[in-house]
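As structure tokens, the structure follows; a few thoughts come after it.
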Amino acid sequence: MATITVAGPVERTIEAQPGISLLRALQDAGSPIATSCGGVATCALCRVTVTHGREHLTPLVDTEINHLGTIAKIVGLRLACQAKLTGTGDVRVEVPEVEDVAARKAAKAARLRQRR
Ligand code: FES
């Protein structure tokens, strides 16, 4: 098993099988991560920053460079759907906060109703 630590205000550690993507591991563990393409590398919403353990992931692919730019390799940006665990090492990632669109729309609707 590999270990993925999700950094943030509430740090979380996930165990995952080698060979699966970071996206799948995070989703399977119920950890929020944005996606609209379902993991086929077209939306780029699943970008994460790998701060530790890059060597335990598959190498960057051209699709990721196209979405993230050449700086990705330097700063550790990855598309979580393309980065797969290669072994049993520890990986640490920063995952952007996922916006709750439904809650935002509900709050906006409530504000508009109050104005009327
Ligand atoms: S999930 Fe859409 S690019 Fe990764």
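The values are calculated or read from the model by the stated rules, or taken from the named source; none is laboratory data. Keep in mind that what you see is a predicted model, and the values were worked out from it rather than measured. A quick note on method: Cβ atoms are made from the backbone with ideal geometry, for glycine too, and the neighbour counts reach across all protein chains shown.
Annotations
- Residue list for the stretch 11-26, filter: closer than 15 Å to residue 96 by Cβ and either more than 16 Å from the ligand (Cβ to nearest atom) or out of contact with any Ser or Thr (no Cβ under 8 Å at 6 or more places or on another chain) (or both): 12, 22, 26
- Scan of the stretch 70-94 for residues that are in a loop (DSSP other than H, G, I, E, B) and at pLDDT 95 or above, ordered by number: 76, 80, 81, 82, 83, 86
- Pair list, Cβ < 8 Å and 6+ apart or interchain, from the stretch 65-88 residues that are over 14 Å from residue 53 (Cβ atoms) and among the charged types (D, E, K, R) to residues that are assigned to a loop (DSSP other than H, G, I, E, B) and within 16 Å of the ligand (Cβ to nearest atom): 73/60
- Extreme residue, surrounded by the most Cβ atoms within 10 Å (Cβ to Cβ), among residues of the stretch 59-69 that are within 14 Å of the ligand (Cβ to nearest atom) and outside any helix (DSSP H, G or I): 60
- Close contacts from the stretch 17-40, counting a first residue that is touching a residue at least 24 places away in the same chain (Cβ under 8 Å) and of a type in the set (Gly, Ala, Ser) and a second that is assigned to a helix (DSSP H, G or I) and within 13 Å of the ligand (Cβ to nearest atom), with Cβ to Cβ under 7 Å and a gap of 6+ residues or different chains, come to 39/23.
- Of the strands (runs of 3 or more DSSP E) lying entirely inside the stretch 1-56, those carrying at least 1 residues that are of a type in the set (D, E, K, R) are 12-16, 47-52.
- Top-ranked residue of the stretch 36-56 - restricted to ones that are among the hydrophobic types (A, V, I, L, M, F, W, C) and more than 10 Å from the chain's Cα centre (by Cα), ranked as farthest from the ligand (Cβ to nearest atom): 40
- Among residues of the stretch 70-116 being surrounded by 11 or more Cβ atoms within 10 Å (Cβ to Cβ) and of a type in the set (Asp, Glu), the one that is nearest to the chain's Cα centre (by Cα) is 94.
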